[in-house]
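What follows is a set of notes on a single structure, which appears directly below.
The values are calculated or read from the model by the stated rules, or taken from the named source; none is laboratory data. Model, not experiment: these values are computed from the prediction. So basically every Cβ, Gly included, is an ideal-geometry build from the backbone, and we count neighbours across all protein chains shown. Note: accessible area is taken over every heavy atom of the protein model, side chains too, but ligands, DNA and RNA are not part of it. Shrake-Rupley method; radii C 1.70, N 1.55, O 1.52, S 1.80 Å.
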Amino acid sequence: MISQQTIQQIQSRIDIIDIVGGFVKLKKRGANYLGQCPFHNEKTPSFTVSPAKEIYKCFGCGRSGNSISFLMEHEKYSYTEALRWLANKYNVEIEETESSPEVKQLQQLSESLFIINGFAQKYFTHQLVNSEEGLDIAFSYLKERGFGEEIIKKFQLGYCLQQRDAFAKAAIAAQYNPDILQKTGLVVLRDDTLVDNYRGRIVFPIHNNTGKVIGFGARIIGKNDKAPKYINTPENELYVKSKILYGSYFARQAIDKSDECLLVEGYTDVISLHQAGIENVVASGGTSLTIDQLRLVKKYTNNLTIIYDGDSAGVKAAMRGLDMALEESLNVKLVLIPDKEDPDSYVNKVGATAFIQFIKNNKKDFILFQLEAELKDAGNDSTKKSEVVNKIAETISKINKAEDFTKQQDYIRQCSQILSIDEKGLHSLVNKFIRSRVLSEEKKNATDKNKYFDTEVIPEPEINDWSNESFSLLHQDDLQEQAIGRVLLEHGFKHWDSEKKVADYIFEQNIDDDLFENKKILFLINDYKDKFYSGLQPTIIHYTQSQDNDIVSLVISLTNFPYTESAGWLSESRSEGINPKIFDLEYEKFIGQILKNGEINSEIYQRNEDEHYKELTETVIEYLKIRKIRKLILQNQIDFELPHSEYEIGHLIKVHNYLKEEKNKIGNRRGIVMYPF
């Protein structure tokens, strides 16, 4: 693991404008920078970067984070990969924490494999474009297939000479370890001599999501019935075929932006489509889809379109992995290329525009396509038809996440119509498969019966859940809670008076934890409090550099950008169904001062907030006090419903009147029009 000291050293050198500006064209706007969002298509720039707070936020799609999370989102790096990228950029030497000898050995082996693969890629590329044999045989073959020099360079294609041990000799001469060389699969030991494994083949490097070469595929040139068309790197510490999608490194941003992944079979399919400008495409390598490959797709998008040959083999290949895709909540479509073509040949035949249009016009729903294909095979055989019904019910039962309930019901409706069977009957059959699977899984893990249920268990209502309609208004509204968090982050270390700071004033109010419905806000407030009284200064930057992405997102959503949540406080509340009368009319006037032609003047806003932070603090504190009083009033009203003595009833009336009086005092003090009880 990377040591904490190294992480802090990296974070201290980060310049978010430098990092984000390397991927997005930014223009200075006041204190911040503005550009077009790299995560979604937009015409008007709404992607804002704050150098002071070291955070970014898009007000179009909602993406937000810090420099590290930007690299994780944009480049699809893991946290560690993002840190290593930054360390390399800022020349920070990475210090690792103590690891076991076994872990160290594994790390060293992985690093050695990376180094050898990098050397091999450069060697093969050199042979392709510089050797006479490479130019005459391999480069000319690629040209005939329609591949241009740019795309060959982009995918780092290469060629292994026909000479028995040309690469092996070059690698040994470069002093690479013979044992590790064999582990890469680039060479094999025959008669005590290392010989090249890919000789006479075009070599396709396979990259991980940071662009490093983890393995190779090698294609024979021409026809040879005695040799396989393709051979691949044997599985090792870097290369695990079931976890790889060829081309994902080059496609990741296009997939993210288009919100769709096109899946093809072969390396050349990917390269041809990229050359045509269709970049959101990856290849499965001609194998059945695996759960790891599907999860890799889901990192970028929920929409998967499988493009395979239109022959029977292509259809069968497309069908494999369907159930797993459904279980991963992927929206799967299928496109079959006509006329015995494959994506590579078809895009070269019709061109990019016609190819894209063909895909758009011929997408078929995976489940419905499967049903129609199997019904066609079943013909008039009633036994086979019955098998089709069972099979499709089992497939639909795999759509088992709570958020996919509507999708499942829609499939039941459509499939029952195609099959000409009763919808309720198909529904019952689907439920039967669901129950059967759940029971089977429960048996495997009897100690955790709820493990396999995706639906949330809703507890029985209790008296303190306050089903009363008036309380539900309070229950919905966590905007005041957000405001407390924001005031702490923005103004906590400003002076309240000569003796204390804003944070001191807030924490002296002894606000009850149970007033906070939003547990994330509560966690942030308590964490801030602990750090504040420990002598630390928990700034916005402190939280946005956290490894906890939830905290980073929360803090960014609370803190002030040119377009701030505070300005929409009232309108947001109305949209949530909350009575606007409970809000501070003075604060509404304050917001009105900074609005010009419906847009926020950020400089005036910042100046106003800096001048009025004490008013804001008092306002949000007293809103929470009102919530507490209302909660007590509602509890008191519930107590009235119970049997009581005359004395107890008199006491409850006194409590009720006292609470109403306290509520009205706050209302008069803050100019709040109170919602009547």
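Data table
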{"item": "Residue in segment 313-330 that is part of a helix (DSSP H, G or I) and either of a type in the set (Lys, Arg) or modelled with pLDDT of 90 or more (or both) present", "result": "yes"}
{"item": "First in segment 145-173 and touching a residue at least 24 places away in the same chain (Cβ under 8 Å) and closer than 12 Å to GLY134 by Cβ, second anywhere and open to solvent by less than 30 Å² (accessible area, probe 1.4 Å) and assigned to a loop (DSSP other than H, G, I, E, B), Cβ under 6 Å, 6 or more apart", "result": "CYS160/TYR198; GLN162/GLY200"}
{"item": "Of residues in segment 52-63 being touching a residue at least 40 places away in the same chain (Cβ under 8 Å) and surrounded by fewer than 23 Cβ atoms within 10 Å (Cβ to Cβ), the one farthest from the chain's Cα centre (by Cα)", "result": "GLU54"}
{"item": "Filter result for the condition that a residue is in contact with a strand residue (DSSP E or B) (Cβ under 7 Å, 6 or more places away or on another chain) and either within 21 Å of LEU238 (Cα to Cα) or not in a loop (DSSP other than H, G, I, E, B) (or both), over TYR56, TYR77", "result": "TYR56"}
{"item": "Complete set of residues in segment 1-25 that are farther than 22 Å from ARG252 by Cβ and open to solvent by less than 50 Å² (accessible area, probe 1.4 Å)", "result": "ILE2, SER3, THR6, ILE7, ILE10, GLN11, ILE14, ILE17"}
{"item": "Unmet criterion (only one of (1) of a type in the set (Ser, Thr, Tyr); (2) over 26 Å from the mean Cα position of the chain (by Cα); (3) open to solvent by 40 Å² or more (accessible area, probe 1.4 Å)) for THR268", "result": "(3)"}
{"item": "Identity of the residue in segment 491-515, of a type in the set (Asp, Glu) and at pLDDT 80 or above, that ends up surrounded by the fewest Cβ atoms within 10 Å (Cβ to Cβ)", "result": "GLU499"}
{"item": "Residue within segment 219-231 that is under 16 Å from GLY266 (Cβ atoms) and open to solvent by less than 20 Å² (accessible area, probe 1.4 Å) present", "result": "no"}
{"item": "Filtered residues of segment 347-361 (kept if farther than 17 Å from ASN280 by Cβ and open to solvent by 30 Å² or more (accessible area, probe 1.4 Å))", "result": "ASN348, LYS349, VAL350, ALA354, ASN361"}
